[in-house]
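Step one of this worksheet: look at the structure below.
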Amino acid sequence: MVAVTSADKPTMECETEHFLGAQRQLDEIAEEMGLDRELHERLRYPKRALIVTVPVRMDDGSVKTFTGYRVHHDVTLGPAKGGIRFHPEVNLGEVSCLAMLMTWKCALMGLPYGGAKGGIRVEPWKLTTGETERLTRRYTSEIINLLGPDKDIPAPDMYTNEQTMAWIMDTYSINVGHTVPSVVTGKPVSIGGSFGRTEATGRGVAYCVRRAVNHFNIKSDAPKVVVQGFGNVGAVTAKLLHQAGYKIVAVSDVYGGIYNPDGLDIPRLMAYVSEMGKVQGFQDSQEVANKDLLTLPCDVLVPAALGGQITEANADKLNCKIIVEGANGPTTPEADSILHDKGIIVVPDILANAGGVTVSYFEWVQGMMHLFWSEDEVNQRLEQIMGRACDQVLELSTKSKLRPRMAALRIGVSRIAEAKRLRGLYP
Ligand code: GLU
C-alpha cells in the first residue's frame, strides 16, 4: 500500500478552529447518513476563496490598507449567496466556515443558491461614512469578477446594511455599464429592495420561537424570553414576540444588558434606544452584564449577537428550556453537546435565522421579474417557507432521534449531495 502523504489529503489555509468546528459537524452528519466518501470530501472545503488587499484614502489624506475576503463554499444549486461583514475578527477561516453554513442554510430552505460569505477585517465603528463608502467600493471592485446576479449575490451581515448594499450595487453597475439591482439583496426599497427584507431575519427567529414553544409544550401564558443583542435581528425578534404576548425579561447590546423579571416594555425600549443609542438606563430595569444575561432564568434564550457566545465555560450554567439561534454560530460544538446532555433544545442558526436569506431570495426573484410584492405577500410567503422547513426538521429530528441541528444539517447536506450526484463530475 502507498503511504498517505499530506499532499494526498486536501488541506487549506482556512483551517482555523472556527472552520474546523463546521467541518467536524459535517463529518458527524456525513457519518450518520452514510454519505459517499468522495462527495463528503468535496464538501469539506470551499470551492473557491479570494483574498484581496483594499487600500482606502482616509479623511486625513493618508492611505490605510485592509484585508478582504469572498468565499464560495458551493455553487451546485445556483449562484453563491451570503452576506458581507465588516468586523475586526474577520479572517479566512471564519468567512469559510460561514460560507459553508450558508450552503446548508439555503439548501435547507429549498432556495436555488450555493453558499458564500465575505468580509473585511476592520473596526467599522472607527470609520467615517466617507471612509466606509470608499472601503466598500474598493472592496467591491477587487472582488468584482466573482459577483453577478447569476454568479454571487451579497447581502448585509454584521456591521453592513442597506446603504452598504446600495454602494456595492452602484459600483458593480458602473463597472458593467448598466444598472444591475439584482447583484445584491438587502438594498433599499427605493432602488429595488424588497418590502420586509430588513425585518425578515428577526421575523423568522420569532416564528421559530413560537413554533418551538408549541412543539416542545412550554406551558406558560407568557413564556419568558432573553434576547442577547438588540440590533436588527434581536430588536425585531423582541418586538414581534412582545406583540405575540411573550414576556421579554432581558435584552443586551455591546454596552451591557437590562433585566426585568416582569417583562420589558419593548416598544418604549425601542424608542429609548433610538434616542440614547443603548439599552442600559431604561426605566424599570436593572443592569446586567452580558455574560450574566445568558444564564438568567427563562423559557427561551435568543442569542442574536456575535458567534461563539455559548461555550464550554457557560453552557452548564444556562437556565433556559430552548435556545433559538438568531446569530450565526453562537454555540460552540463543545457547548452543543453539554446543552444536549442538559436537555436544552437548540433550534439551529441555519433554520432559525434563515428568514433573512429567504426574503433575499424573494428580493432577487422580484428584481429578475421586474415586479414587486406587498409587505403582506412577502411575510406570508416567508411564513410558508419557514413553516415547511421547521416541519421537516422537527419531523426528522423526532423520527431519527437527531438533535434539531443535526436534522437540519442532514436535510441541507443530503440535498446538495443528491444534486452533486445527479450533475456528476466534470470532466
Ligand atoms: N447574512 C445573512 C445570513 O447570514 C443573510 C444572507 C443573505 O441574505 O444572502 O444569513
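For the structure I just gave you, tell me whether Leu77 is hydrophobic (A, V, I, L, M, F, W, C), more than 18 Å from Gly329 (Cβ to Cβ), within 15 Å of the ligand (Cβ to nearest atom) and modelled with pLDDT of 95 or more.
So Leu77 passes the test.
Picking from residues in the stretch 361-373 that are more than 28 Å from Arg210 (Cβ to Cβ) and in a helix (DSSP H, G or I), the one that is farthest from the ligand (Cβ to nearest atom) is Met369.
For first residues located in the stretch 330-354 and closer than 20 Å to Arg211 by Cα, partners that are part of a loop (DSSP other than H, G, I, E, B) and aromatic (Phe, Trp, Tyr) and lie 6+ apart or on another chain with Cβ distances below 8 Å form the pairs Ile345/Phe216.
Residue count for the stretch 333-360, restricted to those that are buried (at least 24 other Cβ atoms within 10 Å of the Cβ), more than 9 Å from the ligand (Cβ to nearest atom) and part of a loop (DSSP other than H, G, I, E, B): 1.
Restricting attention to the stretch 317-328, does a residue exist that is under 22 Å from the mean Cα position of the chain (by Cα), in a helix (DSSP H, G or I), at pLDDT 95 or above and crowded, with 22+ Cβ neighbours inside 10 Å? No, the stretch 317-328 contains no residue that is under 22 Å from the mean Cα position of the chain (by Cα), in a helix (DSSP H, G or I), at pLDDT 95 or above and crowded, with 22+ Cβ neighbours inside 10 Å. Screening Leu92 with (1) within 16 Å of the ligand (Cβ to nearest atom); (2) surrounded by fewer than 24 Cβ atoms within 10 Å (Cβ to Cβ); (3) not polar (S, T, N, Q) gives one miss only, at (1). Cβ-Cβ distances below 7 Å connect the following pairs, each with a first residue in the stretch 92-108 that is among the β-branched types (Val, Ile, Thr), a second residue that is within 12 Å of the ligand (Cβ to nearest atom), and a separation of six or more residues or different chains: Val95/Lys117; Val95/Gly118; Val95/Gly119; Thr103/Gly114; Thr103/Gly115.
Would you pick out the residues in the stretch 381-412 that are over 22 Å from Ala335 (Cβ atoms) and touching a Phe, Trp or Tyr at 6+ places or on another chain (Cβ under 9 Å)? Within the stretch 381-412, Arg381, Leu382, Glu383, Ile385, Met386, Gly387, Cys390, Ile411 meet the criteria.
Can you name every one of the strands (runs of 3 or more DSSP E) wholly within the stretch 112-228 that holds 2 or more residues which are surrounded by 20 or more Cβ atoms within 10 Å (Cβ to Cβ) and away from the ligand (no atom under 12 Å from the Cβ)? First the steps, then the outcome.
Numbers: elements: 114-121, 152-156, 224-228.
Output list reads 224-228.
Figure legend. Inter-residue proximity from the stretch 402-414: first residues farther than 17 Å from Gly110 by Cα and touching a residue at least 40 places away in the same chain (Cβ under 8 Å), second residues assigned to a helix (DSSP H, G or I) and among the basic types (Lys, Arg), beta-carbon distance below 8 Å, spacing 6+ or different chains. Indicated pairs: Leu402/Arg410.
The values are calculated or read from the model by the stated rules, or taken from the named source; none is laboratory data. Model, not experiment: these values are computed from the prediction. Virtual Cβ from ideal backbone geometry, glycine too; neighbours counted across all protein chains shown.
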